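Visitor: Handing you a structure now.
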Amino acid sequence: MVNARTKRSAKSASAAARNDDIGEDVRLALYRSQVEIRDCEQRAYDLFLQNLVKGTSHLALGQEAIAAGFGVAMKPGDKSFCTYRGHHHTLARGVSMEKVLGELMQRDNGLMRGKGGSMHLASSEHGVLGSYAIIGAHLPLACGSALRAQYMGDDDVTVCFFGDGTTNIGAFHEALNFAAVYKLPVVFVCENNLYMEYTPIGEVTAVEHPAADRAGAYGLPSIIVDGNDADAVYRAAQEAFAKARAGDGPSLIECKTYRHSGHSRADPGKYRPEGELEKWKERDPLKIYRQRLAEFGVSEDQIKAIEEASKTKVDEATEACKAAPPTPEDLLFTDVYADGKWSWRN
Ligand SMILES: Cc1ncc(C[n+]2csc(CCOP(=O)(O)OP(=O)(O)O)c2C)c(N)n1
Ligand SMILES: [Mg+2]
């Protein structure tokens, strides 16, 4: 028997479907990507508590929709640059959980065979052109990547992710100006999570919107997106990519979001005002998207299948990493400048 409630939701689902500019396949991909990032980041934290993740790491719990929105919109061949907070961007480009977790655990099966660690994920095969721990360092590099595409006549787009704190660094402004002057096919994405390490961005910035309010200085439109809504991010990405591929130059997109954990694994985030985290958790990107799928008529079984598949993936990846050997010692002395002699200086 169909009750009034079911009737109402079926009606709104079909109305929503009629207005759908994104489509079910993309929506499922957006949810899958967000769930996988959440599970892998949560597992990274659990492994840290078990002392199986060495070195520091910076999680992106709460910021999944930005990586998923851009990751799903990017095509193979597009390039991406990210910061030390870059597990989510790397996973969103299709790098496996095993490669990411293996790297964090300093295992031979890791993306860099365990030699780089959490802050140095790169995979040219996936277009992931590195993670950079020096704030702002990668924005000029992203310009270089885009200049290469423009020069060669290739139609790939370069996406450069960075935080709100990065907008107060000189390299941000130099890169924006250069990209605008040369009309480069690059998309700058500011993940405004309201904090630098422990400092609220608002306390040290002359404008309210650290990226968007500076866009006009480079002749670019001011774009602010709800970074917890994967659809909004995906739409903004599509628009910026179309502009870049048409030869109409760069975009600067500010995505408003919030990180659920502290700055790094050692930070409990106690400097945040009481209730702030809870308020943002009500707008958890996964919660928003789960509800969105239901509104568009995706069944609870379909949603659960995505969630269960992700749990299986992360469990299998964890077991593979635990069983993998550590980074072989001789690898420590390959691909480094210093060989103990002076030859590299000549
Ligand atoms: C040039 C430089 N200055 C300072 C630091 C130390 N530092 C590491 S993370 C960070 C905060 C960056 O904040 P934001 O850009 O908002 O990124 P988020 O950590 O929020 O993702 C700072 C100042 C650094 N890595 N590089
Ligand atoms: Mg920040």
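Values in this text are rule-based calculations from the coordinates and carry no lab data. These numbers come from a predicted model, not from an experiment. In this analysis, Cβ positions are derived from the backbone assuming ideal geometry, glycine residues included, and neighbour counts consider all displayed protein chains.
Visitor: Positive end of the dipole of segment 202-251, charges at C-beta (+1 Lys, Arg; -1 Asp, Glu), about the Cα centre: which of H209, P221, P250 has its Cα farthest in that direction?
Guide: P250
Visitor: Could you pull out every one of the aspartates and glutamates with an alpha carbon less than 15 Å from that of K281, ignoring same-chain neighbours closer than 8 positions?
Guide: Cross-link targets: E64, D226, D229.
Visitor: S264: net charge of surrounding residues, Cβ under 15 Å, Lys/Arg +1, Asp/Glu -1, itself excluded?
Guide: Residues close to S264 contribute a combined charge of +3.
Visitor: Per DSSP helix of 4 or more residues, -39500 (n - 2.57); summed, then divided by the residues of the chain. What does that give at 222 nm, rounded to the nearest 500?
Guide: About -14000 deg cm²/dmol.
Visitor: Which residues' amide hydrogens lie under 5 Å from the amide hydrogen of V225, considering only partners 5 or more residues apart or on another chain, with H built in the peptide plane?
Guide: E254, C255, K256
Visitor: Which residue, D108, D267, D335, tops the fluctuation ranking in a GNM of the chain built on C-alpha contacts under 10 Å?
Guide: Looking only at D108, D267, D335, the largest GNM fluctuation is found for D335.
Visitor: Hey, another quick one. Provide the per-residue ³J(HN,Hα) series for segment 307-316, in order, calculated from phi with Karplus coefficients 6.51, -1.76, 1.60 and θ = phi - 60°, each as a whole number of Hz, with x at glycine and proline positions.
Guide: Per-residue couplings from phi come out as 5, 5, 4, 5, 4, 4, 4, 5, 5, 5 Hz.
Visitor: Suppose R0 equals 35 Å. What FRET efficiency, 1/(1 + (r/R0)^6) with r the Cβ-Cβ distance, do T334 and K183 give to the nearest 0.05?
Guide: Calculated value: 0.30.
Visitor: Considering only DSSP beta bridges whose two residues both sit in the chain, what percent are antiparallel, to the nearest 5?
Guide: So the antiparallel bridges in the chain amount to around 10 percent.
Visitor: If you average the C-alpha positions of segment 143-189 and of segment 35-63 separately, how far apart do those two centres end up, in angstrom?
Guide: Going from one Cα centre to the other spans 29 Å.
Visitor: Based on the alpha-carbon gyration tensor of segment 181-255 and its eigenvalue square roots a ≥ b ≥ c, which shape applies: rounded if a/c is under 1.5, prolate if not and a/b is larger than b/c, or oblate?
Guide: Note, shape of segment 181-255 comes out oblate.
Visitor: Under a 10 Å cutoff between Cα atoms, tell me which one of P210, P200, P185 has the largest fluctuation in the Gaussian network model of the chain.
Guide: Comparing P210, P200, P185 in a Gaussian network model of the chain, the most mobile one is P200.
Visitor: Placing unit charges on C-beta atoms (Lys and Arg positive, Asp and Glu negative, everything else neutral), compute the dipole magnitude of the chain about its Cα centre in debye, rounded to 20.
Guide: Dipole size: approximately 240 debye.
Visitor: If you don't mind, another one. Can you list residues whose amide H is under 5 Å from G62's amide H, if they're 5+ apart or on another chain and H is modeled 1.01 Å from N?
Guide: Residues meeting the criterion, in which the H sits 1.01 Å from N, are H260.
Visitor: Using R₀ = 25 Å, calculate the FRET efficiency as 1/(1 + (r/R₀)^6) where r is the Cβ-Cβ separation of A323 and A266; round to 0.05.
Guide: For R0 = 25 Å, the calculated efficiency reads 0.35.
Visitor: Answer rounded, prolate or oblate for the chain, using the Cα gyration tensor with square roots of eigenvalues a ≥ b ≥ c: rounded when a/c is under 1.5, else prolate when a/b is larger than b/c, else oblate.
Guide: oblate
Visitor: How much length is gained on full extension from A217 to E125, taking 0.36 nm per residue of separation minus their Cα-Cα distance?
Guide: Extra length from A217 to E125 when fully extended: 29.6 nm.
Visitor: A follow-up question, please. List residues of segment 68-98, by number, whose backbone nitrogen lies under 15 Å from a label position 7 Å along Cα→C-beta of A242.
Guide: 73-74
Visitor: How long is the gain from R148 to Y45 if the chain were fully straight, where each residue apart is worth 0.36 nm and the alpha carbon distance is subtracted?
Guide: The R148-Y45 span can extend by a further 33.3 nm.
Visitor: Based on the alpha-carbon gyration tensor of segment 209-325 and its eigenvalue square roots a ≥ b ≥ c, which shape applies: rounded if a/c is under 1.5, prolate if not and a/b is larger than b/c, or oblate?
Guide: Verdict is prolate for segment 209-325.
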